[in-house]
1. Hey, what D do you get for the chain in µm²/s if you plug the Kirkwood alpha-carbon radius into Stokes-Einstein at 37 °C and 0.692 mPa s?
2. Got a sec to turn the phi values of the range 204-210 into Karplus ³J(HN,Hα) couplings, 6.51 cos²θ - 1.76 cosθ + 1.60 with θ = phi - 60°, whole Hz, x for Gly and Pro?
3. If you put +1 on each Lys and Arg Cβ and -1 on each Asp and Glu Cβ, how big is the dipole of the chain around its Cα centre, in Debye rounded to 20?
4. Which ³J(HN,Hα) values, rounded to whole Hz and listed in residue order, are derived for the range 282-288 from phi using the Karplus coefficients 6.51, -1.76 and 1.60 in 6.51 cos²θ - 1.76 cosθ + 1.60 with θ = phi - 60°, glycine and proline given as x?
5. Whole Å is fine, so just give me how far the alpha carbon centre of the range 149-164 lies from that of the range 32-48.
6. Averaging over every viewing direction, what projected area does the convex hull of the Cα atoms of the range 126-280 cover, in nm²?
7. Residue by residue, what Karplus-based ³J(HN,Hα) values in Hz, rounded to whole numbers, does the range 82-93 have, using 6.51, -1.76 and 1.60 with θ = phi - 60° and x for Gly and Pro?
8. Is the shape of the range 188-233 best called rounded, prolate or oblate, per the rule: a/c under 1.5 gives rounded, else a/b larger than b/c gives prolate, else oblate, with a ≥ b ≥ c the square roots of the Cα gyration tensor eigenvalues?
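Please treat every number below as a calculation from the coordinates, not as lab data. From a predicted model like this one, the values you see are computed outputs, not experimental measurements. Cβ coordinates were reconstructed from backbone atoms using ideal geometry, including for glycine residues, and neighbour counts include every protein chain displayed.
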Amino acid sequence: MHTWQKICGVAVVLLLLLPLMAGCNTGVAPYDPDKPLGRQINYTITGIDAGSGEMAATERVLKQYGLTERNWQLQASSTAAMTAQLGRMIANRQPIVVTGWQPHWMFTKYDLKFLKDPKNVYGSEEDIHTICRQGLRADEPSAYTVLDRFYWTPAQMSDVMMRVNKGASPAKAADKWLARHPKQVQQWLSGVPRVHGRKLKMTYVAWDSEIASSNVAAALLRKVGYKVVLQSMEMQPMWASIATKAADAMTCAWLPNTSSKYYHDYRSQVVDLGVNLRGAQVGLAVPKYMRDIDSINDLR
Ligand code: PBE
């Protein structure tokens, strides 16, 4: 190939790439209240892992609010990718709509608001439940008791999440949190017989909130003497792991709404240990500088 042919080739490739590169966020203009929001963000809601309950609920939102027929779409990614994109957009006051939830550090770190949901598709407040396998009570009474007692507040969960967001490893953040809350730990462990290196497996989905709760519960069980293995997976396999007794417990069931599909499917094969956190919430969220966008209806 002649040099000029190579130069032409490179030029053509660059020309083709330019519009793509512009589309990659830096080219998005800052939020403009005078333009329809859909056009500014390509009618796209930035989502999380496709298997999560909130993604399923958001698909229902798109239909029930007539957004699907207006070309709105939900883009699946992951918690990490969604929060990274949120951070980038906020740095430039660009528009973005995400699948948000609370407790989560995104609401601590950024000025966000949930969009009103007049049709109540997401449901109002959620509780998070601990679920264990059948037979755990008889096989591992100490673990059963501690998991049954485990209960904390949204502020406490946020505290652990924030530290992980700032770079602490989840296991360290959990240990430190327990060290700072000796009274609560004492209540959880009081009268529980110690064990010596018995194995326990917990499963979870890598949502930041559940990374925090699973690691704190695991750290607590280690204090009792258990060797706890934590394994992250998608939502359906997580429920199946408890139902089939491949795993012993998880702390990730958002009810009555977000996890309802799997709760319903597996209810008869698992044990519900009840609430470990009250007052959680899911919904679409936007930065507060998108002042005139207050309700899901405002996306239309
Ligand atoms: N979440 C966080 C989960 C439950 C916990 C809201 C991302 C979901 O299933 O959507």
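1. Answer from the Stokes-Einstein relation: 156 µm²/s.
2. The phi angles translate into 7, 9, 6, 7, 4, 4, 7 Hz.
3. Details: 35 positive and 25 negative charges, 166 e Å.
Using Cβ point charges on Lys, Arg, Asp and Glu, the chain gives about 800 debye.
4. The phi angles translate into 10, x, 6, 10, 9, x, 5 Hz.
5. 32 Å
6. 8.1 nm²
7. Each residue of the range 82-93 in turn: 5, 5, 5, 5, 4, x, 4, 5, 5, 4, 10, 6 Hz.
8. Numbers: a/c = 3.87, a/b = 1.76, b/c = 2.19.
Since a/c reaches 1.5 but b/c is at least a/b, the shape of the range 188-233 is classed as oblate.
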